[in-house]
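Below is one structure, written out as structure tokens, with a few remarks after it.
The values are calculated or read from the model by the stated rules, or taken from the named source; none is laboratory data. Predicted model only: the values in this text are computed from it and were never measured. Every residue, glycine among them, receives a Cβ derived from its backbone with ideal geometry; neighbour counts consider all protein chains shown.
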Amino acid sequence: MPSTAAAPYAGVFPIAPTPFSDSGDLDLEGMRRVLDCMVDQGVDGICILANYSEQFLLSDEERDVLLDLCLTHVAGRVPVIVTCSHFSTRVAEAAPLPIMVQDAPLSGVTLSVPLLARLARAVPQLRYFKIEVAQAADKLRALIEAGGNTIAGPFDGEESITLMADLDAGATGTMPSALLPDLIRPVLVHHRAGRRAEAAAAYARILPLINFENRQCGLRATKAVMAEGGVIKSEAVRHPLQSLHPATRAGLLELARALDPVALRWGK
């Protein structure tokens with residue numbers, strides 16, 4: 001990540017999936033292809049080892065292997081955000097790098113706006129916030145008001161399913177999956193340029209696919225589309241996750257084919 005003095009991160013920073021072989025082993029060549037595909041999707045940055053990367057099913061050794069591979073292979077083509085799950089802000093003392101806090105219900109911890117704003121003031125590197133809770137737009141708006149210029153990068157997440165409301169609330173970036181970032185990016189570009197009607201139209205076009213991903217598939221959607229598009233050889237997930245039902249997979253691909261995202265044709 002850049003120094004805190006650099007231009008703030010903004011735009012589309014999707015989550016890289018972690019490809020496995022059918023036997024469940026890491027597919028390292030597939031990981032390289034995923035990263036290359038994401039760069040070709042025109043992303044503004046890449047996030048690795050996140051929940052949508054199945055980080056909770058990786059060993060510490062596998063995390064180390066993937067971290068080294070991803071940073072080496074991306075080689076500065078785009079910024080890379082590395083997920084580091086930790087219980088203490090003392091992790092901020094480990095390196096002088098910008099930090100993003102993920103505020104998500106999966107953690108089971110409620111992070112209030114006053115707490116987040118206080119953290120931003122107390123921890124110099126903490127400048128980015130990924131807000132993916134119910135009524136995310138309201139929380140983003142309140143956080144930006146409470147934190148002022150200490151909030152360099154208010155992001156949303158959750159597959160960008162509330163993106164328009166969050167952009168209207170002041171979000172400057174989004175962290176979706178790697179399924180269709182090439183189609184999400186125009187929404188941000190239009191909105192940033194003040195073309196809200198065009199942003200809304202672009203978003204309305206892709207929202208059925210985003211909704212299907214969010215409500216029916218979860219992280220398996222990106223793997224299914226990337227496997228169909230020749231990016232990866234297998235869409236396998238690790239236990240206790242299960243493969244998509246064939247009917248669900250068919251519904252996903254029907255919506256994806258109508259939009260023709262890069263991931264669906266990158267390897268063909």
Legend entry - Number of positions in the stretch 215-268 that are in a helix (DSSP H, G or I) and of a type in the set (V, I, T): 4
Legend entry - Single unsatisfied condition, P96 versus (1) under 21 Å from L126 (Cα atoms); (2) surrounded by 14 or more Cβ atoms within 10 Å (Cβ to Cβ); (3) not aliphatic (A, V, I, L, M): (2)
Legend entry - Test result for R196, of a type in the set (K, R), touching a residue at least 40 places away in the same chain (Cβ under 8 Å) and more than 23 Å from P17 (Cα to Cα): no
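Would you mention how many residues in the stretch 56-109 are among the aliphatic types (A, V, I, L, M) and either at pLDDT below 95 or under 15 Å from the mean Cα position of the chain (by Cα) (or both)?
15
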Legend entry - Criterion: assigned to a helix (DSSP H, G or I) and more than 24 Å from E54 (Cα to Cα) - qualifying residue of D166, D68: D166
Legend entry - Hits in the stretch 152-193 (condition: β-branched (V, I, T), touching a residue at least 24 places away in the same chain (Cβ under 8 Å) and in contact with a Gly (Cβ under 9 Å, 6 or more places away or on another chain)): T172, T174
Inset, instruction - Would you check which residues across the stretch 104-149 are over 21 Å from T83 (Cβ atoms), among the β-branched types (V, I, T) and surrounded by fewer than 17 Cβ atoms within 10 Å (Cβ to Cβ) and list them? - result: none
Legend entry - Filtered residue count, the stretch 230-268, keeping only those that are touching a Cys at 6+ places or on another chain (Cβ under 9 Å), of a type outside the set (A, V, I, L, M, F, W, C) and buried (at least 19 other Cβ atoms within 10 Å of the Cβ): 1
